[in-house]
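Working notes, beginning with the structure itself.
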Amino acid sequence: MSGRIHHLSCATMCPTAGRIPALAPSRLVAHCLLVEGPAGLTLVDTGFGSADVADPVGRRGRLCVTAIGARMDLALTAVAQVRALGYDPSDVRDIVVTHLDGDHAGGLGDFPWARVHVHADELATARARTKMLDNTRYRAKQWAHGPNWVEHRADGDRWFGFESVRAVGDGVLLVPLRGHTFGHSAVAVRRPGGGWFLHAGDGYYFTDEKLTPPSCPPGLRAMQVTMEMDRRSRIANQHRVRELHAAHGDEITIICAHDASEFDALAAVTD
Ligand SMILES: [Zn+2]
C-alpha cells in the first residue's frame, strides 16, 4: 500500500437547529480518515455502521436520531466505502477513535477483527455511564461484539507542544484532547508528501473556531456546551488548537469531525 490518505464522511446529519441558517449549518458530516500503511489500513473514527442504518432508533435512541437529524445511508458506512475504494474490509487492521460517542463508534462492529485504539479514560467513561446523558451518547450495543481494545494511557511523547502522545501505528498518533469527553483525543496522521493532518474529533465543531478570534454559530456552540464533560479542559484545548493553527497552519491541516466545509475541501483530494 502506498501510504495514501482518504477522506470519508461516514454519516450525514441535518440537525433541527440547522433549519435556521444563522443558528447552525444545515448539514454536518462524520469526517473519517482511511490511512494506507505498511501493515494494512487504519481507520480514524467510524461514523455510523451498517447495524445503525438497519435499526437507527434501536441502536442510537429516538431522541438522538431526531435531534441530530441522522440521515441513514448504507453507502456512507465505512465498510461500504472501503469496498468502493477497492479494498477488502479485512485490510482494516487498526481503528483509532477520537472518542466513543455513537456517531464515532457506530462502525466498529463492521470490523470486528480490528485493533481499536482508544484513550483508557474514554473507554472507562463509556463503560461506566454514570450520568443520564452518558446513556444517550454512549451506545453499548455498538461495541457489544467485544472489540479488540488497545487502551492508551497518559504517558508518552510530545508533539508540537501536546503531551502524552502515543504512536498507534506508522505515522499515526493519539493526541489527548480532553474536554468534550474525559478521554477525548485528536489523531495526528503524517501525510506522505510531508506535513500532518490533525483530526481534532469533536474538539471543535465549526471551522472558524480555528481562527483568532474564533466564531461559531450559536446552535453549534450550545451543542458543544451540552455535550462537554470538562468545560475548562475543552476551552483550554480549543485554545491550543487555535495556537497550533496560527503557528503551524502551513504544516498541519487541522480538521474536526463534523464541519462539512472542511470535509468538502479535502474529499476530492487523496494524498
Ligand atoms: Zn460527534
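Find the relative contact order for the stretch 56-124 and round it to a whole percent, using C-alpha pairs within less than 8 Å whose residues are 6+ positions apart.
Worked out over the stretch 56-124, it gives 27 percent.
Across the stretch 204-217, coupling constants 3J(HN,Hα) worked out from phi with the 6.51/-1.76/1.60 Karplus curve, θ = phi - 60°, read 8, 10, 10, 4, 6, 6, 7, 8, 10, x, x, 9, 7, x Hz, and Gly and Pro carry x. Each Lys or Arg adds one and each Asp or Glu subtracts one; over the other residues with Cβ under 14 Å from the Cβ of residue 233, this totals -1.
Proximity of backbone amide H atoms, modeled 1.01 Å from N, is registered between residue 254 and 198 at under 5 Å, excluding neighbours fewer than 5 places apart on the same chain. In the chain, helical runs assigned H by DSSP with n ≥ 4 each contribute -39500 (n - 2.57); averaged across all residues and rounded to the nearest 500, the mean residue ellipticity at 222 nm is -8000 deg cm²/dmol.
Taking the Cα centre of the chain as reference, the dipole from Cβ charges on Lys and Arg (+1) and Asp and Glu (-1) amounts to some 760 debye.
Judged by the gyration tensor of its Cα atoms, with axes a ≥ b ≥ c, the stretch 5-267 is rounded; a/c sits under the 1.5 cut. Most simply put, the stretch 5-267 has about 65% antiparallel DSSP beta bridges, counting only bridges with both residues inside it.
Once the C-beta distance of residue 84 and residue 132 is scaled by a Förster radius of 35 Å, the resulting FRET efficiency is 0.35 to the nearest 0.05.
Every number in this text was worked out from the coordinates using simple rules, so none of it is lab data. Nothing here was measured: the structure is a model prediction, and the numbers come from that model. Cβ coordinates were reconstructed from backbone atoms using ideal geometry, including for glycine residues, and neighbour counts include every protein chain displayed.
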